[in-house]
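Student: One structure coming up, written as structure tokens, with questions to follow.
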């Protein structure tokens, strides 16, 4: 028996001289063991019970080459056990806000999904959900999806009928700016399958209103906060925030404000802060240059660890460190643009060479165009970070280098952050979410 | 003999990995 290649060994905070923490990047399992156990693995001196436990948790393997072969085949295995048909649906590319860093940038406009496209989309989802599925899961996205709330109601009613007749479950979530997420609307959508909403708040009102104003120029902070306060009793609300190098240190003030306003950890679904990503010149809002294009930017290490600790030490929940395949790798996950074009990643919307089909003609082969096997090389397969990286982000590589060739290696980033993240996950185990 | 392995987290099943898919878009990259 050998130690898995996808295992990290860190010093335990509890007893750093004598014990260590083992973290499996394959499945996020964590154990604390005496340092001597590592030697006993190498010299084959484990007890039967210890060997059984370590095998079950994925820390031991019979054969390293076999483990690599299993890793190579992982996406096919996930496709085979995936019982959900998932689509992220871009209902429109319109918005009532004028965010300085808008992700859709110049792709935005008064473009809305038509009834005809909705009919095709319902057919597409119906066909997809018949492939041995027991769940239809949709994220309504935009633009601002709640500018198309009528379509959400219409689609959800129709999908619920299909789901009921096929004995499937139908649920949906919203990625919304929160300005239109009123209690009345949440109450209307919840019985139709609304599971949760993700709302973005970029720090306190001074930062937020600068980065996320209404199109009129008026600040949106008070409107969003008011809605989140009213709606969080009806559905779980995940709070996200997008920071820059210049403002990330002030984001914890938002957490204190939420707490003071009664949005305490038990009333909020979870909190995640992310760096603003910089779109390419083709699509970026013209004067915005503060976004990041690589996890290799040194300030991100400090920002990520600092903000995660601030979230957790106040008692808010956040996502744990997990194996994380890229959405492009999973067969039954799609992004549907308002016009019926099909993509594999929301970052690729409007990039014609990465359109993988449309609702009229179906999905074409995208294996080569999306470089799906980029991580199936000896260097990546031998890297202990592979299951939490899988070659990095193809979209970020595309924005940075103009192509998806090769990989977006994140080894230096994980060298810098993973130990602290894993120790945070242990320290705050009750607040760490796996979904 | 005293147990030497303290299990802190039993980890995920493979199926759970389908709930942690990564996609960009700032706050939109939260798991579905």
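Any read-out appearing in this document is the output of simple, stated calculations on the displayed coordinates, not a laboratory observation. Fair warning: this is a prediction, and the values are worked out from it, not measured in the lab. In this analysis, Cβ positions are derived from the backbone assuming ideal geometry, glycine residues included, and neighbour counts consider all displayed protein chains.
Student: Counting only helical runs of four or more DSSP H residues, what would the 222 nm mean residue ellipticity of chain A come to if each run contributes -39,500 (n - 2.57) and the total is spread over all its residues?
Tutor: -10000 deg cm²/dmol
Student: Oh, and also: Can you give me the three principal axis dimensions of segment A:319-435 from its C-alpha atoms, in Å, biggest first?
Tutor: 50, 33, 22
Student: Considering every residue in A:315-324, what mean count of other chain Cβ atoms within 10 Å of its Cβ is obtained?
Tutor: If you average over the peptide's residues, the count of other-chain Cβ atoms is 3.
Student: For segment A:2-72, what does the convex hull of the Cα positions come to per residue, in cubic angstrom?
Tutor: Values: hull volume 5.7 nm³, N = 71.
Output value, Cα hull per residue: 80 Å³.
Student: Treating the angle as unsigned and between 0 and 90°, give the value, to the nearest 10°, between the Cα long axis of helix A:299-313 and the longest Cα principal axis of chain A.
Tutor: 90 degrees
Student: A further question follows. Going out from 0 in 10 Å bins, what whole percent of all Cα-Cα distances in segment A:82-319 drops into each bin?
Tutor: 7, 29, 34, 23, 7, 0
Student: Now a separate question. From a point 7 Å beyond the Cα of residue A:157 in the direction of its Cβ, which residues of segment A:179-193 have a backbone N at a distance under 15 Å?
Tutor: A:188-193
Student: Also, I was wondering about something else. Determine how many Å³ per residue the convex hull of the Cα atoms of segment A:1-149 encloses. Let's see the in-between values first.
Tutor: Details: hull volume 29.7 nm³, N = 149.
Measuring per residue, one finds 199 Å³ for the Cα hull of segment A:1-149.
Student: Further question on the same structure: So what is Rg over Rh here for segment A:63-213, counting just Cα atoms and using Kirkwood for Rh?
Tutor: Working: Rg = 18.6 Å, Rh = 17.4 Å.
Rg divided by Rh gives 1.07.
Student: Rule-of-thumb check for chain A: C-alpha Rg over 2.2 N^0.38 Å?
Tutor: Working: Rg = 22.6 Å, N = 435, 2.2 N^0.38 = 22.1 Å.
Normalised Cα radius of gyration, chain A: 1.02.
Student: Still on this model: Rounding to the nearest 10 and keeping the result within 0 to 90°, find how far the Cα-based axis of helix A:115-129 lies from the longest principal axis of chain A.
Tutor: It works out to around 30 degrees.
Student: Arranged from highest to lowest average of other beta-carbon atoms within 10 Å per residue, in what order do the peptides A:325-338, A:355-368 appear? Intermediate values should be presented prior to the final figure.
Tutor: Numbers: A:325-338: 22.5, A:355-368: 13.9.
Ranking, from highest mean packing down: A:325-338, A:355-368.
Student: Another one. Using the scaling law 2.2 N^0.38 Å as the reference, what is the normalised Cα Rg of segment A:268-389?
Tutor: 1.30
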